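I have placed the structure first, in the form of structure tokens, so that the comments after it can refer back to it.
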Amino acid sequence: MINHIGTKPIITSRLQLRRFILNDTNDAFEKWASSIDSIFWEPPHKTLCETAKMIDTYVENYRNSNWYMWAIEYENKLVGLACGNEIDENTKSICLGYCIAKTHWNKGIATEASKALINYFFNAGFSRVFSHHNPNNPSSGRVMQKCGMKFEGLISGGSMFAGEVCDCLQYAIVKSDCHKNI
């Protein structure tokens, strides 16, 4: 059984994963929400108001025990987000997502946050964590591989890029195959 514990703080060796607060709006807009390089699932925000609505939605949803959305802090600065969504109660699966500001790419932040969330989800009772990425973003696939996820295949029309439907490449890890590097 899944024990929906919602978004609780997580501390890793270099990161703090915490709930978003309304004061995160400016940083989120400037660092990733307005950038086509960082935000893939919807069109980049053109106004601060769009990002404020997104952050407000995140904050409002924290009252739900099945809402999993973290702000990622690195060196005490907001640099991205990580989440769990697409929950399937029957298969006990959850989709892992992340977004890192381009100025913080290639620092291992997405990998470190993802490994922490995989453990978090398995401890909450999920038995499968999956993730997918746009084929034009192979770095995201490398993050999944570093987390011990195995490639499952191409899903035609299975994702969004800047608000448009696109193909995606899917990876997953199951609790019984969990590697010790996670």
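The values are calculated or read from the model by the stated rules, or taken from the named source; none is laboratory data. Remember, it's a predicted structure, so these values are computed and weren't measured experimentally. Using ideal geometry, Cβ is built from the backbone for each residue, glycine included, and neighbour counts are taken over all protein chains shown.
Data for the structure
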{"item": "Of all residues in the range 37-49 being out of contact with any His (no Cβ under 9 Å at 6 or more places or on another chain) and either modelled with pLDDT under 90 or at positive phi (or both), the one that is surrounded by the most Cβ atoms within 10 Å (Cβ to Cβ)", "result": "38"}
{"item": "Residue list for the range 17-36, filter: in contact (Cβ under 8 Å) with a residue 60 or more places away in the chain, closer than 17 Å to residue 78 by Cβ and surrounded by fewer than 20 Cβ atoms within 10 Å (Cβ to Cβ)", "result": "35"}
{"item": "Selected residue [farther than 23 Å from residue 3 by Cα, modelled with pLDDT of 95 or more and either loosely packed, with under 13 Cβ neighbours inside 10 Å or small (Gly, Ala, Ser) (or both)] from 153, 163", "result": "153"}
{"item": "Residue tally, condition at pLDDT below 95, surrounded by 20 or more Cβ atoms within 10 Å (Cβ to Cβ) and assigned to a loop (DSSP other than H, G, I, E, B), over the range 119-143", "result": "0"}
{"item": "Members of the range 54-66 found to be surrounded by 13 or more Cβ atoms within 10 Å (Cβ to Cβ), over 23 Å from residue 133 (Cβ atoms) and free of Cβ contacts under 8 Å to residues at least 40 places away in the same chain, listed by number", "result": "55, 56, 61"}
{"item": "Residue 159, sole failed condition from (1) in contact (Cβ under 8 Å) with a residue 60 or more places away in the chain; (2) in a loop (DSSP other than H, G, I, E, B); (3) under 22 Å from residue 105 (Cα atoms)", "result": "(2)"}
{"item": "From the options 72, 173, 94, residue that is over 27 Å from residue 29 (Cα atoms), among the β-branched types (Val, Ile, Thr), touching a helix residue (DSSP H, G or I) at 6+ places or on another chain (Cβ under 7 Å) and not in a helix (DSSP H, G or I)", "result": "173"}
{"item": "Scan of the range 67-94 for residues that are surrounded by 15 or more Cβ atoms within 10 Å (Cβ to Cβ) and either more than 21 Å from residue 112 (Cβ to Cβ) or among the charged types (D, E, K, R) (or both), ordered by number", "result": "67, 73, 87, 92, 93"}
